[in-house]
Amino acid sequence: RQFAREWPDRSWQLKVRSCWDFGFWALGMCLTTCHVMMILAILANLQVEHEWKWMISLAVVLARKLILVPFLACVLSLVPDLLPDDGQVSKKFGLDMQLQSDTAGPRGRWHEKVEELAGRGISVRQLLDFYSHLGQDVMPHFDPARSTTHDVVRQAIIPLSLRLRHCCAFEILPEDAPGLVCSVFGADGGSKPWKVDTACRAKGSGQVWVVEDLFQEEGLLFRLGSCAAHLSSSEFWNGFKGELRLGDDESVALRIVRRSTASLAACSTQVSTLQGEAVQINLDMEELSPKTVSLPYSSHIGDASRDKFERGSTGFAYSTVVNPEPQLATRMVTHNWTNSFVFLLAAIFADALHLETYEHIAQLLAKRRLDQLAERLKRAKRLGAPYWVCAFSVNQHAGICSRPPAADSTGIPIAACTCDTLKHFDGDLSEMNKFDDMMAYLKRELREVSNRTQEGVRLQQVVAMDVDFTLLTRVWCIGELAEGKQLHLIQAIKVHSSTSQHACLDQILQLDVAKAQASYPADKELVLSKIDDTQAFNKGLQNLLLHRLDNFLGRSVAPNCLDDVLLAALTVI
């Protein structure tokens, strides 16, 4: 399969493609007809004494191409994986025995930290909202073409995760107001369409707006024709019921109800499930009192006082800052910090939209066409899909925040963080040495959720490849790829475009975990300590990548090589 850049006139592009397809099949049928006629002519003119030789040659060619090569390719690729290791049943049979064989184990600080990490998912909506601030009120020098993920972590994520932010979700019920439009505006007055969605009421007629992840510095804008009215968050944070003036002569009756964990337990609402899909609203608004709903303070921030949090002396993971409650992710993202930050988000959004390449999404992000991207994600019902991204899900203040390089890739100086968060680079409290345990825990928890809810939720791994595939030279990324294979995860590799085919093959063939790079030597030692045979590991990972990227590379490498070997052997014989 080859990937093509979308033309501005898509209908014309499809017509051109159809012409190419017609020409391809027409030429192929003509050539096949010629070949058949040539074979028939040869057979018709054969002498009796030579007929058996040609018939045997034809039978050998057909058997080699249609039976022998496919069979041997399957055997050679499957047999090594089907052999059990250490007497254990192999996962390559397609059987996932982890839930039956694994147990939670004794609880301790290590396990508690693993659980805490697993609960730090961040939704597509929150990632889109974060990006909307870059180059504006956050990291003003952000350059979509040059700023890397490392730059954004140092210049934006770390500064923004020094204090918790209050956010909440609301249901807005207009009473008999056809044509009324609701939108969210930020502190700078910009619109945020990804925070508002609509759903039909289960009781009565009309619709209800659902506003997600609204912060206190944001507000609501209502429009009815040429009339408009603003509501700041302070006017409806604890609920609102009454008439909203839209002008001198226009008004509309509104009811705004603040949602909380307690209220959600008693009713079914328009929320995002673990897969990011929407569920039907079934909300009896009479059961909720706007004045009594309260947002529970985050339960995954430890036992320190709220006063200390507000002063900003303790740092958090960014996902903790924007999520009032822990959120299990259904996608584990493997990425390289030296890659463009725009490419990282584009790969995530491409996965949410079920696209194989992310070039077009990256162009939308670079041109800040966030409304178009939000509309596509909203139609796909993927704005609520939770992802686990180490840049957002790991508490950078517990590790690297106080030791930055002098400047980022654009030459702007990086200021060291002065928070008093304790640093843990190894041991039970470290967040940098538990990715394998966290992935296994996430998989087990999601499988249990799936068994309870019958939603078919499974942990998947998304690999955000950079243009030149340098991800395959980073030791942590290689380790996560191997761990995903060991856990029998669905692995989706997102590439920039088809133009990077040669770079992809070169990096795969040169892959060597012993030569992989790491920001800290201890990280490389930790990963290598878990590998018994580096050569076997390299070969297994190369086979994995060739299999996962088979469609992208456009050919099946192993059968072609095997066919060449068999042809040479038959020629010699």
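Structure notes:
- Sequentially through the range 221-236, phi angles give Karplus couplings (6.51, -1.76, 1.60; θ = phi - 60°) of 10, 10, 10, 9, x, 8, 9, 8, 8, 9, 10, 6, 4, 5, 7, 9 Hz, Gly and Pro residues having no value and appearing as x.
- Put a dot 7 Å past the Cα of Ala253, heading toward its Cβ, do the same for Ile39, and the two dots end up 8.0 nm apart.
- Whole-Å semi-axes of the ellipsoid equivalent to the range 421-469 (Cα gyration tensor, √5λ, descending): 27, 21, 8
- Projecting the Cα atoms of Phe130, Trp110, Pro140 onto the dipole axis of the range 107-148, where Lys and Arg carry +1 and Asp and Glu carry -1 at the beta carbon, places Trp110 farthest toward the positive end.
- Rolled with a 1.4 Å probe across the full set of protein chains, the surface gives Lys367 an accessible area near 120 Å².
- q = 0.18, 0.19, 0.20 Å⁻¹, the range 302-439: log10 I(q)/I(0) [Debye, one scatterer per Cα]: -1.23, -1.29, -1.33
- When Rg and Dmax are taken over the Cα atoms of the range 374-443, they come to 16.8, 44 Å.
- Solvent exposure, largest accessible area first (probe 1.4 Å, DNA, RNA and ligands not counted), of Ile39, Ile172: Ile39, Ile172
- Per-residue extension of 0.36 nm, minus the Cα-Cα distance of Tyr520 and Ser234, leaves a gain of 98.3 nm for this segment.
- Take every Cα pair under 8 Å whose residues are at least 6 apart in sequence, average their separation, divide by the length of the range 375-442, and the relative contact order is 25 percent.
- P(r) tail for the range 480-522: Cα pairs beyond 12 Å make up 74% of the total.
- The residues Lys192, Lys524, sorted by heavy-atom accessible surface at 1.4 Å with ligands and nucleic acids left out, run Lys524, Lys192 from largest to smallest.
- Volume per residue that the Cα convex hull of the range 36-77 spans, once the total is divided by residue count, Å³: 55
- Summary of packing: across the peptides 336-346, 125-135, 450-460, 25-35, the per-residue average of other C-beta atoms within 10 Å ranks them, highest first, as 336-346, 125-135, 450-460, 25-35.
- Taking all protein chains as shown and a probe of 1.4 angstrom, Trp12 keeps an accessible surface of around 140 Å².
- Within the range 455-475: backbone nitrogen closer than 11 Å to the Asp426 label point (7 Å, Cα to C-beta): none
- Subset of Lys192/Lys434; Lys192/Lys423; Lys113/Lys530 violating a 26 Å alpha-carbon distance limit: Lys192/Lys434; Lys192/Lys423
- Net lengthening on full extension, Leu76/Ala406 (0.36 nm per residue, minus Cα-Cα): 113.6 nm
- For the range 413-516, a Kirkwood hydrodynamic radius built from all Cα pairs, placed in the Stokes-Einstein relation at 25 °C and 0.890 mPa s, yields a translational diffusion coefficient of 148 µm²/s.
- Normalising the Debye intensity of the range 108-172 to I(0), with uniform scatterers on Cα atoms only, and taking log10 at q = 0.22, 0.25, 0.29 Å⁻¹ returns -1.06, -1.18, -1.32.
- Projecting the Cα positions of Cys30, Gln47, Trp7 onto the charge dipole of the range 1-77 (unit charges on Cβ atoms of Lys, Arg, Asp and Glu, taken about the Cα centre) puts Trp7 furthest along the positive direction.
The values are calculated or read from the model by the stated rules, or taken from the named source; none is laboratory data. Computed from a prediction, not measured in an experiment: that's the story for all the values here. Neighbour counts run over all protein chains shown; Cβ positions are idealised from the backbone, glycine included. For accessibility, only protein heavy atoms count, side chains too; no ligands or nucleic acids. Shrake-Rupley method; radii C 1.70, N 1.55, O 1.52, S 1.80 Å.
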